[in-house]
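Next up is a structure, given as structure tokens.
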Amino acid sequence: MSLKVFTDFIKRMWNNSLMQIIMGAALIWAALMLIFIVMLNADLSAAPEFIYNQF
Amino acid sequence: MKKILSFILGVVLFITSVAAVDSNINGAYDKKLNDIDRSWNYNGGLDKMKYPETIGQALNKDTVVMLGSSELSYYDEKSHPAILTDNGNSDFNIMQVGIGSIQSLPHAINIGGIEPYIENKMVVINLSPQWFSETGLRNDAFASRFSPAMLEAFMKNDKISMESKKKVLNRCKELLAGYSYGEDLVADYEKKVAGRYTPVDKLCAWIKNKFADIKFKKSMIDDLQITSQGTDEPVIFSEIDFQRLKNEAEEQGKAECTNNKFYIYDDYYDTYLKDDILELKNSNVNTSYCSSPEYDDLRLLLKICNELELKVLLISIPVNGYWYDYTGFPKEDREKYYQNIREIADEYEVELLDLSTHEYEPYFLKDVMHLGWKGWAYVVEGIYGFYKKNVE
């Protein structure tokens with residue numbers, strides 16, 4: 001019985017326009033943040049390695 | 001409509017989050033900067049050039065900036081400024097800027113970028129003859145050491161003429177050809193300087209620069225290694241007896257150079273020379289330091305120093321006469337090189353500390369080209385004299 005109440009609640013939320021907007025925004029936010037965090041921590045430098053020879 | 005609203009709300013949340021991350025990183029960055037003390041003057045490696053603000057943090061009116069290259073890293077010479085000052089624990093210091101293969105052009109960018117921090121308006125340029133090879137600065141060496149942050153600081157310096165900025169950008173473009181790293185940045189500045197920057201370019205640049213700024217500060221927080229200055233009684237530089245220092249340097253050099261006739265320290269000789277010693281004889285008979293693109297780069301560096309109204313001390317370091325004779329490098333060519341440097345110093349009206357007569361002084365250099373025990377004593381003495389003469 002309680003499971004049906006829960007699933008009915010989820011269906012109502014899912015069909016609710018405001019919830020749809022919020023969930024959509026959350027997905028977009030999460031995707032952008034993921035890209036941002038990956039790029040922030042990645043080594044984007046394409047500087048060539050140069051080994052200095054002491055001689 | 002719902003999708004548009006979701007998108008806008010998602011982007012607004014993202015921008016707010018990035019602003020919060022930016023604020024957090026700025027706080028940690030300021031704290032890291034505050035940890036920098038005068039030991040930073042003697043920090044080797046590329047960090048100073050990657051993060052120009054760190055130089056500003058350590059510089060004061062009793063510190064002279066010294067632009068050089070691989071000779072700045074020390075072995076254990078007691079006359080090296082890092083050891084002489086107890087790692088910055090002194091009333092006088094030398095801010096060493098440079099590593100191997102940093103030559104006149106990168107230093108032109110460096111001095112333009114850090115000039116706003118130089119209170120006493122003095123700079124020392126330590127010239128190595130090896131910079132003046134027939135090819136001059138190597139592309140891969142320049143690209144591997146190129147600092148976008150320093151170029152940005154250089155381009156922001158309004159005291160530098162547009163003509164000099166364009167010359168620097170042209171040289172950067174030549175040397176970075178084929179290396180995407182830095183090429184886009186230089187092309188962007190060329191567009192700005194030529195007045196071809198559109199509002200869209202400005203917006204894209206603002207977004208790129210904002211991200212680059214956050215990334216730059218985060219990498220400094222994560223990567224910067226800071227040592228500490230010494231904690232004994234501070235060194236009073238005016239009390240240093242330089243003649244005694246040279247005598248001690250001679251003794252130290254004697255102990256380190258025991259296995260060859262070139263006054264090169266033992267480990268270097270064993271690593272680089274011993275196995276090929278016969279093949280190396282007369283290997284440089286066709287080498288010259290008299291014709292090199294480095295001369296124009298040096299002139300550009302001095303022109304920029306003049307535009308910045310800096311007092312310049314140029315130091316002319318000798319080669320290892322014993323080694324260069326052995327490899328057949330023509331003596332006349334070496335003399336012509338030293339004379340070229342004298343003429344350039346006159347041309348740009350800068351003071352010259354001419355140490356070229358020390359080619360055959362044992363322990364002046366520690367190997368075929370790098371300043372050694374006695375060499376550092378002469379150089380530090382010369383820099384301190386320059387400072388005393390010009391300090392207000």
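The values are calculated or read from the model by the stated rules, or taken from the named source; none is laboratory data. If you're wondering where the values come from, they're calculated on a predicted model, not measured in any experiment. For neighbour counting, all protein chains shown are included, and Cβ atoms are generated from backbone atoms with ideal geometry for every residue, glycine included.
Please go through region B:145-183 and pick out each residue that is within 14 Å of another protein chain (Cβ to nearest Cβ) and either among the aromatic types (Phe, Trp, Tyr) or more than 22 Å from B:Lys48 (Cβ to Cβ) (or both). Please lay out each step first, then the result.
Initial filter on region B:145-183 (within 14 Å of another protein chain (Cβ to nearest Cβ)): B:145-151, B:172, B:175-183.
Listed by number, the residues that qualify are B:Phe146, B:Ala177, B:Gly178, B:Tyr179, B:Ser180, B:Tyr181, B:Glu183.
Follow-up. Which of the following residues is touching a helix residue (DSSP H, G or I) at 6+ places or on another chain (Cβ under 6 Å) and within 30 Å of B:Tyr189 (Cβ to Cβ): B:Lys210, B:Lys217, B:Lys202, B:Lys246?
On the way: B:Lys210 fails: touching a helix residue (DSSP H, G or I) at 6+ places or on another chain (Cβ under 6 Å); B:Lys202 fails: touching a helix residue (DSSP H, G or I) at 6+ places or on another chain (Cβ under 6 Å); B:Lys246 fails: within 30 Å of B:Tyr189 (Cβ to Cβ).
Only one candidate passes the filter, namely B:Lys217.
Residue check: is B:Ile94 among the β-branched types (Val, Ile, Thr) and surrounded by fewer than 24 Cβ atoms within 10 Å (Cβ to Cβ)?
no
Go through region B:132-144 and give me each residue that's out of contact with any helix residue (DSSP H, G or I) (no Cβ under 6 Å at 6 or more places or on another chain) and within 9 Å of chain A (Cβ to nearest Cβ).
Those that are out of contact with any helix residue (DSSP H, G or I) (no Cβ under 6 Å at 6 or more places or on another chain) and within 9 Å of chain A (Cβ to nearest Cβ): B:Arg138, B:Asp140, B:Ala141, B:Ser144.
Which residues, counting only those in region B:12-23, are more than 7 Å from every other protein chain (Cβ to nearest Cβ), surrounded by 14 or more Cβ atoms within 10 Å (Cβ to Cβ) and among the aliphatic types (A, V, I, L, M)? Please lay out each step first, then the result.
Taking region B:12-23 first, the residues more than 7 Å from every other protein chain (Cβ to nearest Cβ) are B:12, B:15-16, B:19-23.
Narrowing further to those that are surrounded by 14 or more Cβ atoms within 10 Å (Cβ to Cβ): B:21-22.
B:Val21, the sole residue that qualifies.
Moving to a separate point now. In the set B:Gly68, B:Gly56, B:Gly45, B:Gly10, which member is among the small types (Gly, Ala, Ser) and over 27 Å from B:Leu314 (Cβ atoms)? Can you show your working first?
Details: B:Gly68 fails: over 27 Å from B:Leu314 (Cβ atoms); B:Gly56 fails: over 27 Å from B:Leu314 (Cβ atoms); B:Gly45 fails: over 27 Å from B:Leu314 (Cβ atoms).
Going through B:Gly68, B:Gly56, B:Gly45, B:Gly10 in turn, the sole match is B:Gly10.
A further question on this structure: Which of the residues that make up region B:238-274 are among the polar types (S, T, N, Q) and either crowded, with 16+ Cβ neighbours inside 10 Å or closer than 18 Å to B:Tyr378 by Cβ (or both)? Let's see the steps before the verdict.
Here is the first cut: in region B:238-274, the residues among the polar types (S, T, N, Q) are B:238, B:243, B:247, B:252, B:258-260, B:271.
Scanning region B:238-274 gives B:Ser238, B:Gln243, B:Asn247, B:Gln252, B:Asn260.
The conditions are (1) of a type outside the set (Lys, Arg); (2) touching a Lys or Arg at 6+ places or on another chain (Cβ under 9 Å); (3) farther than 30 Å from B:Val368 by Cα, and B:Pro199 fails exactly one of them. Which is it?
(2)
Looking at B:Pro116 and the list (1) within 24 Å of B:Lys217 (Cα to Cα); (2) surrounded by fewer than 21 Cβ atoms within 10 Å (Cβ to Cβ); (3) at pLDDT below 95, which single condition is not satisfied?
(3)
Let me ask another. Would you list the helices (runs of 4 or more DSSP H) that sit entirely within region B:239-324 and hold 3 or more residues that are away from chain A (no Cβ under 14 Å) and in contact (Cβ under 8 Å) with a residue 12 or more places away in the chain? It would help to see each step written out before you state the result.
Numbers: elements: B:242-256, B:277-280, B:294-307.
So the answer is B:242-256, B:294-307.
Answer with yes or no whether B:Glu233 is at pLDDT below 95 and surrounded by fewer than 17 Cβ atoms within 10 Å (Cβ to Cβ). Please lay out each step first, then the result.
Working: at pLDDT below 95: yes; surrounded by fewer than 17 Cβ atoms within 10 Å (Cβ to Cβ): yes.
Against the criterion (at pLDDT below 95 and surrounded by fewer than 17 Cβ atoms within 10 Å (Cβ to Cβ)), B:Glu233 qualifies.
Anything in region A:15-37 that is over 8 Å from the mean Cα position of the chain (by Cα), surrounded by fewer than 13 Cβ atoms within 10 Å (Cβ to Cβ) and modelled with pLDDT of 90 or more? List them, or say none.
A:Ile37
Looking at B:Ile341, B:Ile277, which is the one that is among the aliphatic types (A, V, I, L, M) and loosely packed, with under 14 Cβ neighbours inside 10 Å? Walk me through it before giving the result.
Values: B:Ile341 fails: loosely packed, with under 14 Cβ neighbours inside 10 Å.
Criteria check complete, one pass: B:Ile277.
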